[in-house]
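To start, the structure itself, in structure tokens.
Since every read-out is calculated from the coordinates, none of them should be taken as a lab result. Predicted model, so just to flag it, every value in this text is computed and none were measured. With ideal geometry, Cβ positions are generated from the backbone for all residues, glycine too; neighbour counts draw on all protein chains shown.
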Ligand code: THU
């Protein structure tokens, strides 16, 4: 028996096409890019979470001379929200970046790395409701997914323990 995993996502060409709360969230993610500490990769990532109480929690990548000690923007934001607002559900995460090494603002959309996908899945399972994911290129191209769990099919999770 052959099986297939697929999911839908929306593509937007312009931030004005997004609902207001997501526009605001993307603005926060762009602000977070400016808070990134990435002297090694020169790749600055910003993430922002929209919580059920309306709060926005930002995170940015924080690198280290000992590279495994560095942490991605998404997990900084997830850890911050879980520490400060543990009872609130995460409605959405917006992620964007700035590549210092690039000549012009890229059209490429960056999607969370494997470890961040696992962390987003844990947060989803914990709160028992989906987290929307908004990905934005520096040039303004946008992708919206309704459920972060779609990024990690056939995942290992708490239900396996
Ligand atoms: N990075 C993130 O912050 N999020 C991702 O989803 C991918 C990668 C960071 C880690 C590192 O500081 C830099 O981007 C280059 O890999």
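The table below gives the values:
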item: Quarter of Cα convex hull surface for segment 1-60, i.e. mean projection, nm²; result: 7.3 nm²
item: Kirkwood estimate for the chain, i.e. one over the average of 1/r between Cα atoms, Å; result: 16.1 Å
item: For the chain: relative contact order, % (alpha-carbon pairs under 8 angstrom, 6 or more apart); result: 23 percent
item: Residue 10-residue 41 pseudo-label distance in nm [points 7 Å out on the Cα-to-Cβ vector]; result: 2.8 nm
